[in-house]
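As structure tokens, the structure follows; a few thoughts come after it.
The values are calculated or read from the model by the stated rules, or taken from the named source; none is laboratory data. Because the structure is a prediction, the values reported are computed rather than measured. Here the Cβ is made from the backbone with ideal geometry for all residues, glycine too, and neighbour counts use every protein chain on show. Quick note on the areas: whole protein, heavy atoms, side chains included, nothing else; ligands and nucleic acids left out. Shrake-Rupley method; radii C 1.70, N 1.55, O 1.52, S 1.80 Å.
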Amino acid sequence: MERGRSPITQQLRVAARKKKRRKNISLVIGIIVGLELCLHQMACHTMSVHALMRPQCVVQHHSRCAFLGRQQQFASKWGSSRIRNHHSKLMFIQPINSNWKPINKYNNICFHTRHHSTTITRLQADLSTINESNWQSFSNELEETLELPSISVPAKHIHWLLSNKDSPIKSFLAHTMDEFEGIHPKIKVVRNLDQDDDDDQVRKRILLSSAELIPDDTFQLLQEKYHARKEDTFNICIPHHQQPVTRILSKILPEEAQPPPSSYEQVGHVVHVNLKAQHVGYGKLIGSILLDRLQPTTKTVVNKLGEVGGPFRTYQMGLLAGEDDYFVHVVEHGVSLYFDLRKVYWCTRLEGERTYMLKNEFQPNQIIADAFCGCGAQLIRAASKKGCRVVANDLNPDAVEYCKESARKNGIDVSPGNFDVQCGDAREFIMNLGMRMSESSSTTPSSDTTINASKLPHHLLLNFPLDSPSFLNALRWWPSGEVMDPPPRIHVYTFARGDDERTEAEVAIDMVADGLLPEGGYSIASKFRGDYLNELGCNVEAREIRDAAPGKLVICVSFSASRTLLRRMQGDFFD
């Protein structure tokens with residue numbers, strides 16, 4: 001220990017030196033990687049998308065992350081899980097750099113894969129002449145042919161070599177190549193083999209990704225144990241109808257429209273995209289390619305015009321390709337929903353949240369209230385799967401009718417005693433949930449089989465992220481004279497941005513607290529009030545639901561409408 005310094009001071013100095021050393025090492029590594037990538041670009045004059053330090057290199061077709069040179073070493077440290085591919089109804093890769101520009105003067109795109117680089121050439125025809133009517137005539141030019149190494153083994157060993165996790169060849173199979181990512185249907189890595197008559201057993205060909213990556217000792221093991229032998233290379237042809245949409249668009253769209261659209265959402269038979277400014281002029285072409293590749297489930301392709309807005313949270317859309325039909329049939333976990341996509345709000349990304357609520361919050365035969373029910377996906381699933389009784393509301397009359405009709409088609413009894421959906425103001429709906437109980441609690445007996453005025457809901461959903469907390473003051477009309485066990489659980493969805501002091505969840509909790517019990521007026525922001533709500537028996541919980549924008553999240557704040565909280569809201573500050 002240095003003389004004159006305390007042990008704590010010495011430990012802090014040592015920690016600071018280690019931190020500085022790590023920072024310097026990271027800086028040197030970044031410089032080395034940057035130089036190697038620059039040299040690589042100067043050598044091949046091709047376009048690539050890559051990242052330094054945090055290796056989030058993304059290729060332009062639907063593929064996994066790839067790393068070059070020393071980046072491949074860093075990948076093992078950080079892991080490739082930082083790249084997320086959407087293999088659900090939200091599709092395509094989102095490029096890391098939204099300002100991506102081609103750096104070469106040639107009509108080709110270089111895809112850097114784990115094993116080697118594959119250059120995919122743009123069409124040599126005049127791209128300005130290609131449109132939605134004639135692009136399919138270039139199908140031959142859109143085809144890709146790959147030459148793959150292969151080996152053969154006796155047919156009896158095929159199943160074990162391909163399916164067992166301890167197989168020495170599993171990581172070298174052809175379908176692990178990035179070139180085949182997004183190809184549908186997937187290629188078959190096992191092929192028949194023309195054999196000589198003197199072969200005493202049937203052999204099968206196995207297609208490999210890259211033969212030189214197989215270590216000598218591994219191939220020797222394959223020879224000795226599985227009687228493997230090398231075969232001639234095998235050509236794989238990938239027609240355009242097997243390729244992912246992004247790869248086709250990368251070949252057809254001109255340079256000013258690159259990179260191609262990165263995502264789309266499918267709702268029933270309708271696919272909608274959000275075209276950027278450079279894509280709008282090629283919207284019909286993009287729509288035609290999407291319609292061709294996504295058949296037979298897709299009949300209509302539209303472009304989203306503007307943002308979600310208006311009293312019913314809908315948006316305008318422009319037809320790009322297919323039929324002018326927007327009445328969709330969506331199946332979500334066995335439940336059928338029917339609605340016009342132009343007339344109601346729908347978000348595919350909330351499917352996971354609806355599933356979470358069913359598994360973790362709702363119990364069989366509970367009463368579920370929803371002040372902003374929309375077309376009723378959450379409620380119909382709760383009634384169908386768990387026998388929950390529903391009392392709901394929405395300001396949009398079309399959404400209310402679609403909700404009722406979908407419930408009927410799912411075999412649900414749509415009546416005021418079982419599945420009650422009304423059209424009106426959400427604040428009045430919340431107030432009436434409590435007022436009708438207060439008015440009739442002395443005359444209407446409680447029942448476990450019908451929804452009546454003497455029973456508050458077990459759960460109240462407020463899924464209007466733009467302004468949900470402002471409706472919470474309607475809870476003051478709920479009765480607080482009787483002990484409710486357990487108290488109703490309120491679930492408030494709201495947008496939130498973190499600040500210098502608070503996380504997004506803490507901001508959302510404070511917004512809910514201000515909606516329940518305003519403190520200091522509008523000029524003074526109240527902060528960190530979660531503990532205060534818990535002192536009132538609210539048992540506050542907050543969960544992140546999804547990203548709404550950079551730095552902006554949708555947060556669900558759940559709390560119990562305890563007797564103490566309701567009394568405070570009604571002006572009773574004495575226990």
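Which order do you get for Glu132, Glu147, Glu504, Glu307 if you rank them by accessible area with a 1.4 Å probe, largest at the top?
Descending accessible area places them as Glu307, Glu147, Glu132, Glu504.
Under 5 Å between amide hydrogens, which residues at least 5 positions from Thr300 or on another chain qualify, with H placed 1.01 Å from N in the peptide plane?
When sequence neighbours closer than 5 places are left aside, the close amide H contacts are Val271, Glu323.
Ranked highest first by the average count of other Cβ atoms within 10 Å around their residues, in what order do 259-269, 359-369 fall?
Numbers: 259-269: 20.4, 359-369: 15.3.
Answer by packing, highest mean first, reads 259-269, 359-369.
Can you tell me the alpha carbon radius of gyration of segment 270-355 divided by the globular rule-of-thumb value 2.2 N^0.38 Å? Kindly include the intermediate steps, with their values, before the conclusion.
Details: Rg = 13.7 Å, N = 86, 2.2 N^0.38 = 12.0 Å.
Here the Cα radius of gyration is 1.14 times the empirical estimate.
Kindly report, to the nearest 10 Å², the accessible surface of Phe372 as traced by a 1.4 Å probe over protein heavy atoms only.
Rounded to the nearest 10, that gives 30 Å².
What is the extension gain from Gln295 to Val202, computed as 0.36 nm multiplied by their sequence separation minus the C-alpha to C-alpha distance, in nm to one decimal? Kindly include the intermediate steps, with their values, before the conclusion.
Working: separation 93, 0.36 × 93 = 33.48 nm, distance 3.87 nm.
Value of the extension gain: 29.6 nm.
Considering only protein heavy atoms, what is the solvent-accessible area of His175 at a probe of 1.4 Å, reported in Å² to the nearest 10?
90
Modelled label-to-label distance, His333 and Glu535, 7 Å Cα→beta-carbon offset: nm?
Roughly 3.8 nm, to one decimal.
To make sure I understand the rule: partners must be aspartates and glutamates, Cα under 16 Å from the Cα of Lys170, and not fewer than 8 residues away in the same chain. Which ones qualify?
Here the aspartates and glutamates satisfying the reach criterion relative to Lys170 are Asp178, Glu212, Asp216, Asp217.
Quick one: order Lys304, Lys188, Lys225, Lys527 from most to least accessible surface, probe 1.4 Å.
The most accessible residue leads, giving Lys188, Lys225, Lys527, Lys304.
Please list, in chain and number order, the residues 5+ apart from Ala228 or on another chain whose amide H is under 5 Å from its amide H, with Hs placed from the backbone.
Close amide H contacts, sequence-distant or interchain: Gln223.
When the accessible area of segment 284-391 is computed with all protein chains present and a 1.4 Å probe, what percentage of it is carbon and sulfur?
Here carbon and sulfur together make up 48 percent of the probe-accessible area.
Could you please state, rounded to a whole Å, how far the C-alpha centre of segment 178-253 is from the C-alpha centre of segment 387-426?
54
Once the piece of chain linking Leu305 and Leu162 is laid out straight, how much longer is it, given 0.36 nm per residue of separation minus the C-alpha distance between them?
46.7 nm
Using θ = phi - 60° and the Karplus curve 6.51 cos²θ - 1.76 cosθ + 1.60, what whole-Hz ³J(HN,Hα) does each residue of segment 328-345 get, with Gly and Pro shown as x?
These are the phi-based 3J(HN,Hα) values: 10, 10, 10, 10, 10, 6, x, 9, 9, 10, 10, 6, 8, 4, 6, 9, 10, 7 Hz.
Quick one: go through segment 486-505 and flag any residue whose amide nitrogen is under 16 Å from the point 7 Å out along the Cα-to-Cβ line of Gln363.
So the set is 486-490.
Quote the accessible area belonging to Arg563 in square angstrom, nearest 10, computed with a 1.4 Å probe and with ligands, DNA and RNA left uncounted.
Accessible surface of Arg563 is approximately 100 Å².
Could you work out, for segment 187-313, what percent of all Cα-Cα pairs fall into each 10 Å distance bin, beginning at 0 Å and stopping at the bin that holds the largest distance?
Once binned at 10 Å, the Cα pair distances of segment 187-313 give 10, 27, 19, 15, 16, 10, 3, 0.
Could you pull out every residue, at least 5 positions away or on a different chain, whose amide H is within less than 5 Å of the one on Asp370? Hs are placed 1.01 Å off N in the peptide plane, and Pro or chain starts have none.
Excluding prolines and chain starts, which carry no amide H, the hits are Val391, Ala392, Asn393, Leu461.
Which whole number in µm²/s is D for segment 229-303 by Stokes-Einstein, with the Kirkwood Rh taken over Cα pairs at 25 °C and 0.890 mPa s? Before the final figure, lay out the partial values.
Working: Rh = 13.7 Å.
This corresponds to a translational diffusion coefficient of 179 µm²/s.
As a test of reading the structure, rank Phe172, Phe495 by solvent-accessible area (1.4 Å probe, protein chains only), most first.
Phe495, Phe172
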